[in-house]
Amino acid sequence: MELESLNYFMETAKSLSITETSERLFISQQTLSNHIRRVEDYYSARLFNRQPRLQLTAAGQEVLKYAEAIFSDEKRLFAVLADLGNSDSGLITIGVTSPRCNAYLPQVLEKYNALYPKVLVSTIESTNNELERLVQKNQLDFAVGAYIEGTYPNIQSHSTHEDPIYFCVSDRLLYKYYTPDEAKFLKENSLKGADVSNFSRIPFMIPTIQNRLGERVMQCFQAARCTPDIHYTSKHTTMIIPLCNRGLAAGFTSHMNLCNWLPQLAEDVNVFPLCQNGTPVTTSITLIYHKQRYLNHFVKAFIQLTVEALDTLEHQDLSRLSMSPPQQG
């Protein structure tokens, strides 16, 4: 079987669209159909149902599994050969969530490019769940995220550090829902750690439980036997700080995400470390890769720089108390 034809089949199986795949691969639809037909002839099996829309047959699903394994093994072979030849050129593919990508990746890339200018770095930005799925399918060299141990059997994980969760709330909200004396008391007593039960009156923006941060925050509310007044929700965390800046809702964000946003926070936004029963609330930041993935020397170098960058971020104290005067009204 020609690997080229098998690759074209695999790409079509991902999109389930002849038109989209042919345009993405810069070949004609007829050429793509011919390659798929070669694979079907080789295996004497129909791989797609074409009506009413393109779908994989049971045989097609099996061939796809083997195709992905074949190309995964081929990438691993190239990585091994490059390592044996001490090559300093190649491609590494890294999975990150957007907030973490923005927090540490630029400084890593700056150092890495000085060491390996001929290595192309490709980043895949997605949710933790999607990154884990890609690692499980052996489509990434490694990923950095809030991984839950034991989710997938073929994933190797190494915890790098604990990422603190912060509670952000503007004075505009505090003075709207609490008296000036109450707001002052809450602020002074939350600087060393905020308990969600003390802020039950204000509206919140909380990520859905499909987001690891949102899941962890809701556990805090449940432990405090407190139901948050949720006005906004999303699978992603990108809207949390903008909503806090506008005084529309209070929210929660990770230490790494807050590193990006701290210079852009509105002057009256307070930042408190989130605590549960007096203990700081964190999420574990974990580096994951497929157990059968071969990590060559320039991938290991990138991992080392990543761990060093994360360690630097971990030791920054981002707590902040707004000194804006109480609002009258």
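Whenever you get a sec, compute what percent of the accessible area on region 159-246 sits on carbon and sulfur atoms (1.4 Å probe).
On region 159-246, the fraction of accessible area on carbon and sulfur atoms equals 49 percent.
Please work out whether region 1-156 counts as rounded, prolate or oblate from its C-alpha gyration tensor, where a ≥ b ≥ c are the square roots of the eigenvalues and a/c under 1.5 means rounded, while otherwise a/b larger than b/c means prolate and anything else oblate? Walk me through the numbers on the way to the answer.
Details: a/c = 2.01, a/b = 1.68, b/c = 1.20.
Cα axes put region 1-156 in the prolate bin.
Around Leu91, which amide H atoms from residues at least 5 apart in sequence, or from another chain, sit under 5 Å from its own amide H, with H modelled in the peptide plane?
Result for Leu91 returns Leu120.
Please state the relative contact order of the chain as a whole percent: Cα pairs under 8 Å, 6+ residues apart?
For the chain, the relative contact order is 22 percent.
I need the peptides 213-220, 122-129 ranked by packing, meaning the mean over residues of other C-beta atoms within 10 angstrom, with the highest value on top.
213-220, 122-129
Hey, in the GNM for the chain with a 10 angstrom Cα cutoff, which one of Ala69, Ala250, Ala103 fluctuates hardest?
Ala69
Which one of Cys101, Leu131, Thr151 has its Cα pushed farthest toward the positive end of the charge dipole of region 97-177, where Lys and Arg give +1 and Asp and Glu give -1 at the Cβ?
The listed residue farthest towards the positive side: Cys101.
Under a point spin-label approximation (7 Å from Cα along Cα-to-Cβ), what is the Leu115-Phe71 distance to one decimal in nm?
Rounded to a tenth, the inter-label distance reads 2.9 nm.
Quickly rank 111-120, 152-161 as a protection proxy: mean count of other C-beta atoms within 10 Å, highest first.
Details: 111-120: 13.4, 152-161: 15.1.
In decreasing order of mean packing, 111-120, 152-161 become 152-161, 111-120.
Could you derive backbone 3J(HN,Hα) for region 74-81 from the dihedral phi with the Karplus parameters 6.51, -1.76 and 1.60 (θ = phi - 60°), listing whole Hz in sequence and x where the residue is Gly or Pro?
5, 4, 5, 4, 4, 5, 5, 5
Among the listed pairs Lys235/Lys291; Lys75/Lys111; Lys111/Lys235; Lys192/Lys300; Lys118/Lys300; Lys65/Lys291, which are separated by more than 27 Å between their Cα atoms? Working shown, then result.
Values: Lys235/Lys291 29 Å; Lys75/Lys111 25 Å; Lys111/Lys235 32 Å; Lys192/Lys300 38 Å; Lys118/Lys300 16 Å; Lys65/Lys291 17 Å.
From the list (Lys235/Lys291; Lys75/Lys111; Lys111/Lys235; Lys192/Lys300; Lys118/Lys300; Lys65/Lys291), the Cα-Cα distance tops 27 Å for Lys235/Lys291; Lys111/Lys235; Lys192/Lys300.
Skipping prolines and chain starts, which residues have an amide H placed within reach, meaning under 5 Å, of the one on Leu274, given they are 5 or more residues away or on another chain?
Sorted by chain and number, the residues that satisfy this are Ile165, Tyr166, Phe167, Ala194, Val281.
Kindly work out what percent of the DSSP beta bridges joining two residues of region 145-294 are antiparallel, to the nearest 5.
70 percent
Quick check on the chain: helices-only [θ] at 222 nm, where DSSP H runs of length 4 and up contribute -39,500 (n - 2.57) each and the sum goes over total residues. Nearest 500, please. Don't skip to the answer; put the middle values down first.
Working: 12 runs with 151 residues, N = 329.
After summing the helix terms and dividing by the residues of the chain, the value is -14500 deg cm²/dmol.
Heads up, I need the accessible area for His315: 1.4 angstrom probe, whole protein in place, Å², nearest 10.
140 Å²
Please work out whether region 39-129 counts as rounded, prolate or oblate from its C-alpha gyration tensor, where a ≥ b ≥ c are the square roots of the eigenvalues and a/c under 1.5 means rounded, while otherwise a/b larger than b/c means prolate and anything else oblate? Before the final figure, lay out the partial values.
Values: a/c = 4.10, a/b = 1.75, b/c = 2.35.
Cα axes put region 39-129 in the oblate bin.
Would the chain count as rounded, prolate or oblate if I go by the C-alpha gyration tensor, calling it rounded below 1.5 in a/c and otherwise prolate when a/b exceeds b/c, oblate otherwise?
Note, shape of the chain comes out prolate.
Among bridges DSSP assigns within the chain, what percent are antiparallel (round to 5)? Show your work: numbers first, answer last.
Details: 26 of 45 bridges.
Of those bridges, close to 60 percent are antiparallel.
Taking H as built 1.01 Å from N, whose amide H comes closer than 5 Å to the amide H of Thr151, not counting residues under 5 places away?
none
Across region 318-323, in residue order, what do the Karplus-derived ³J(HN,Hα) couplings come to in whole Hz, using 6.51 cos²θ - 1.76 cosθ + 1.60 with θ = phi - 60° and x for Gly and Pro?
Along region 318-323, the couplings run 9, 4, 8, 10, 6, 10 Hz.
Among Arg38, Arg133, Arg320, what's the order by accessible area (1.4 angstrom probe), most exposed first?
On the way: Arg38 115, Arg133 90, Arg320 65 Å².
Of Arg38, Arg133, Arg320, the descending order of accessible area is Arg38, Arg133, Arg320.
Under a Cβ-only charge scheme (Lys and Arg +1, Asp and Glu -1), can you give me the dipole magnitude of the chain about the Cα centre, in debye to the nearest 20?
600 debye
Quick one: accessible area per residue over the chain, 1.4 Å probe, rounded to a whole number of Å²?
Result: 51 Å² of accessible area for each residue.
The values are calculated or read from the model by the stated rules, or taken from the named source; none is laboratory data. This is a predicted model, so every value here is computed, not measured. Glycine gets a Cβ as well: all are built from the backbone with ideal geometry, and neighbour counts include every protein chain shown. In case anyone asks, the SASA skips ligands and DNA or RNA and just uses the protein heavy atoms, side chains included. Shrake-Rupley method; radii C 1.70, N 1.55, O 1.52, S 1.80 Å.
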